[in-house]
Amino acid sequence: MGNRDDHLRNHGFIREASGWRLSPAFDMNPNPSKREHALTLDGMSALPDLETAIDTAEFYRLDDSDARRVVVEVQDAVNTWREEATALNLSRPEIQRMESVFQA
């Protein structure tokens, strides 16, 4: 998802009975006009890339299979964006405007 509001202070945590965990998503602002992110995963490219996310998974304490599982989970969630937008009564033009933002 194109999100221009990614910065080091833009992460959230969820408190559970067992303790705190990183929120899977927090304060995301989809932007149809920009694909680059403010932060990089690998210190080089600002373009979102699944292979880079998987290649850097060790930084997030994930092994390769866990990283690939998370990618599938995120893809499954992102693939429902149109249905979610429709359920929230977004207009057809609003939905069409955001199509380029959501790529799974």
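Results, tabulated for the structure shown:
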{"quantity": "Cβ-placed point charges (K, R +1; D, E -1), dipole of region 13-98 about Cα centre in debye, nearest 20", "calculated": "420"}
{"quantity": "Acute angle (nearest 10 degrees) that the helix 64-78 long axis makes with the longest principal axis of the chain, alpha-carbon atoms", "calculated": "20"}
{"quantity": "222 nm mean residue ellipticity, helices alone, for the chain (DSSP H n ≥ 4; -39,500 (n - 2.57); rounded to 500)", "calculated": "-9500 deg cm²/dmol"}
{"quantity": "Cα point-scatterer Debye curve for region 4-104, base-10 log of I(q)/I(0) at q = 0.16, 0.18 Å⁻¹", "calculated": "-0.88, -1.09"}
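Only the coordinates and a few stated rules stand behind these numbers; no lab work does. Keep in mind that this is a model prediction, so the values were computed, not measured. Cβ coordinates were reconstructed from backbone atoms using ideal geometry, including for glycine residues, and neighbour counts include every protein chain displayed.
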